[in-house]
Amino acid sequence: MKKLLFLLIITSNIVLGQTNDSYIATVKEGVVLHDKGDYEGAIKKYDEVLKKDPNNFLALAEKAYSALMLKEYETTISICKKIIKIHSATENLDNIYVTYGNAYDMKKEPQESLKVYDEGIKVYPEYYHLYYNK
């Protein structure tokens, strides 16, 4: 599923022309590290992109997921809030809501988690992962 998420994000960014090729290559390097379990190394790659483009959707989304795997729930929540605030008009955020809700759930805050899933369901009622996670 992780690779599918990456491919969907890459495809949407290429179509919309919002991410330049060097950023995509660097984020892809981070995804490879993430998939090997090197979440800190992955985050370093995403941060390389974010130093140049602090609002880069792809790097933020991947960083949130790697932070979740590191059990850095507050960081994950903060990144997801930022993504929703700045990218809600331009990007598909269905997986962001899943990551966001999962962070609260793993943090043992189920009521907050349910609120996030419900918020995501309002925006993406067809996205079954939100219902499944809820």
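The values are calculated or read from the model by the stated rules, or taken from the named source; none is laboratory data. Because the structure is a prediction, the values reported are computed rather than measured. Remember, those area values only see protein heavy atoms, side chains included, never the ligands or the DNA or RNA. Shrake-Rupley method; radii C 1.70, N 1.55, O 1.52, S 1.80 Å.
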Using the Karplus curve 6.51 cos²θ - 1.76 cosθ + 1.60 with θ = phi - 60°, work out ³J(HN,Hα) for each residue of segment 127-134 in order, rounded to whole Hz, and write x for Gly and Pro. 8, 5, 5, 5, 5, 4, 5, 5
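Show V32, V116 ordered by accessible area, largest first, where the area counts protein heavy atoms only and the probe is 1.4 Å.
Of V32, V116, the descending order of accessible area is V32, V116.
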For a test of the definition: using alpha carbon positions, the gyration tensor, and the 1.5 limit on a/c, classify segment 60-134 as rounded, prolate or oblate. oblate
